[in-house]
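Notes follow the structure.
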Amino acid sequence: MSDQQHLLAEQRRALILDEVRRRGGVRVNELTRRLNVSDMTVRRDLDALARQGVLEKVHGGAVPVSEPSTHEPGFEAKSALELSAKEDIAKAAARMAAPGSAIALAGGTTAFALAQQLVEVPDLTVVTNSVRVADVFYGAQRAAAGGAAPRPGPATVVLTGGVRTPSDTLVGPVADAAIRSLHFDVLFLGVHGISVEAGLSTPNLAEAETNRHFVRSARRVVVVADHTKWGTVGLSSFASLDEVDVLVTDGGLAPRARAEVAELPLELLVAGEPGDDVEA
């Protein structure tokens, strides 16, 4: 399969999953008409999404998986979802990182996409509890050092210690102690779920505590989350929406959710729409 075909498959599956979540279920014949593909292609896509555990196949179609509040998908399962939305969010959020600033970058697949944009920002000091995010910056540093004309001002990266979660983040007392002693200009934070009532939440209790320390140590809190996170509630809340300065999301955010955000004391930045060019 070519890279282009693979990308198209990922895009189709993201659309299918979004439709399943939005409508509470879809039928195969509806998807074949909407996506202009064969019945067999749709069934293969549903099989792939079912293996990832993000939907459940039923006779003639698929329905959402009813996930308990303690369910925590692994990094690989989440990385295949909402790819274009995460890329758009990352590009918009990266403009908020000023050269020479100290930033924190918590774990998650959207933060991973953001890290790939931030390698172009000179002289950053980056503190992260994400093994994947740290690898992005370390890889960029090695590439710069080996080039004929190294990129000026590569980021200084500090990776906290701690216990590794399914999302490849480091949490627990070691991570908490490191974060408590630091102060950040901006925290970029990916989340499992967002709601007006529960605020920011995660299914992992230790991760919730580590995220609380991140929020307390930051002068500005920027949440980076695609539209599917709105209305999701994990086991443990770690911050209210009053503690968030900016929410960066994508154009799939429903009108009702936008109306709810408009009532909150935070800035909504929708990637790809007018007004998404806010600078740090």
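Observations, loosely collected:
- Any hit, the range 261-278, residues being in a loop (DSSP other than H, G, I, E, B), modelled with pLDDT of 95 or more, closer than 21 Å to Leu187 by Cβ and within 18 Å of the chain's Cα centre (by Cα): no
- First in the range 93-110 and touching a residue at least 12 places away in the same chain (Cβ under 8 Å), second anywhere and among the charged types (D, E, K, R) and crowded, with 23+ Cβ neighbours inside 10 Å, Cβ under 6 Å, 6 or more apart: Thr110/Lys86
Residues checked against (1) among the β-branched types (Val, Ile, Thr); (2) farther than 22 Å from Arg22 by Cα; (3) in contact (Cβ under 8 Å) with a residue 60 or more places away in the chain:
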{"position": "Asn211", "(1), (2), (3)": "no, yes, yes"}
{"position": "Arg216", "(1), (2), (3)": "no, yes, no"}
{"position": "Arg219", "(1), (2), (3)": "no, yes, no"}
{"position": "Val233", "(1), (2), (3)": "yes, no, yes"}
{"position": "Ser240", "(1), (2), (3)": "no, yes, no"}
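- The strands (runs of 3 or more DSSP E) found entirely in the range 84-203 that carry 1 or more residues being at positive phi are 199-202.
- Residues (touching a Ser or Thr at 6+ places or on another chain (Cβ under 8 Å), open to solvent by less than 10 Å² (accessible area, probe 1.4 Å) and closer than 17 Å to Leu269 by Cα) located in the range 201-230: Val224, Ala225, Asp226
- Some residue of the range 57-68 being within 17 Å of the chain's Cα centre (by Cα) and either modelled with pLDDT under 95 or closer than 24 Å to Arg216 by Cα (or both): no
The values are calculated or read from the model by the stated rules, or taken from the named source; none is laboratory data. On a predicted model such as this, the values are computed, not experimentally measured, just so you know. Glycine gets a Cβ as well: all are built from the backbone with ideal geometry, and neighbour counts include every protein chain shown. Heads up: the accessible areas ignore ligands, DNA and RNA and are worked out on the full protein's heavy atoms, side chains in. Shrake-Rupley method; radii C 1.70, N 1.55, O 1.52, S 1.80 Å.
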